[in-house]
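Student: Take this structure first; my questions come after.
The values are calculated or read from the model by the stated rules, or taken from the named source; none is laboratory data. Since we're looking at a predicted model, the values are computed, not measured. Methodologically, a virtual Cβ is constructed for each residue, glycine included, from the backbone with ideal geometry; neighbour enumeration extends over all protein chains shown.
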Amino acid sequence: MMFLLCSNRCWLADEINDIVPFVENQEGYLTFNPMKLYGSIRYNFGAPPSTKNEADCDCSYRHPKGRNSAARSPFRNGLGAQLYLINRPSGPQSAFSIFFQRQLTGAIGLKTTYSADKFSKTNIGLGLNVQAGPVEMYVLADNLLGYSNLANSHLASFQIGLNILSWRSNP
């Protein structure tokens, strides 16, 4: 049943209640998730971030061959593009993003993005991640230009997260 709070008679809500059948049943149904396609390309450049321990001491939590051969990219900078497509019932939707990523130190990274889709052509985002041992914390903000006037913003997001990283294979 549909309820709307109205100061006078809600003729629209009454019309919808008359047109749409509201029934409960125990029958199952089948639904499909929309088909999605992701694609990206990235170019890495720049010298690797320096660490205090340059020696291959075989003592890192990241990789058995030492701290400098970690799973992270050995380059300081990354520049790339991403394409996202989804097939929705109303038709396909797409988004295109370009990004610049910079590893400030061995444990701190920064990423900025520009995205365009049918809702916004001015979506600028920023992300910061800090890694302390096997724990990675991150802060992300999207549509930074929309934060100046949230009432007129179509979308604005802010995320804080925590990842627990594991490099060892399970026997």
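Student: Scan the stretch 129-145 for residues that are more than 9 Å from Gly161 (Cα to Cα), aliphatic (A, V, I, L, M) and free of Cβ contacts under 8 Å to residues at least 24 places away in the same chain and report the count.
Tutor: Going through the stretch 129-145 one residue at a time, the tally reaches 4.
Student: For the stretch 22-35, does any single residue satisfy the condition of being surrounded by 10 or more Cβ atoms within 10 Å (Cβ to Cβ), under 30 Å from Leu85 (Cβ atoms) and modelled with pLDDT of 85 or more?
Tutor: Within the stretch 22-35, the subset surrounded by 10 or more Cβ atoms within 10 Å (Cβ to Cβ) is 34-35.
Subset that is under 30 Å from Leu85 (Cβ atoms): 34-35.
Of the ones still in play, those that are also modelled with pLDDT of 85 or more are 34-35.
Checked against the condition, which is being surrounded by 10 or more Cβ atoms within 10 Å (Cβ to Cβ), under 30 Å from Leu85 (Cβ atoms) and modelled with pLDDT of 85 or more, the stretch 22-35 yields at least one hit.
Student: May I pose another question? Looking at the structure I just gave you, is Glu15 modelled with pLDDT of 75 or more, exposed (fewer than 10 other Cβ atoms within 10 Å of the Cβ) and of a type in the set (Asp, Glu)?
Tutor: So Glu15 does not fit the description; no.
Student: Which one of Ser166, Ser153 is farther than 24 Å from Phe119 by Cβ, modelled with pLDDT under 90 and among the small types (Gly, Ala, Ser)?
Tutor: Ser166
Student: Just to be sure I understand, how many residues within the stretch 109-134 are modelled with pLDDT under 95, surrounded by fewer than 14 Cβ atoms within 10 Å (Cβ to Cβ) and assigned to a strand (DSSP E or B)?
Tutor: The total comes to 1.
Student: How many residues does the stretch 135-163 hold that are more than 17 Å from the chain's Cα centre (by Cα), part of a strand (DSSP E or B) and exposed (fewer than 10 other Cβ atoms within 10 Å of the Cβ)?
Tutor: Qualifying residue count for the region: 0.
Student: Taking the conditions exactly as written (at pLDDT 95 or above, within 22 Å of the chain's Cα centre (by Cα), loosely packed, with under 10 Cβ neighbours inside 10 Å and in a strand (DSSP E or B)), does Ile98 satisfy them or not?
Tutor: Answer is no for this residue.
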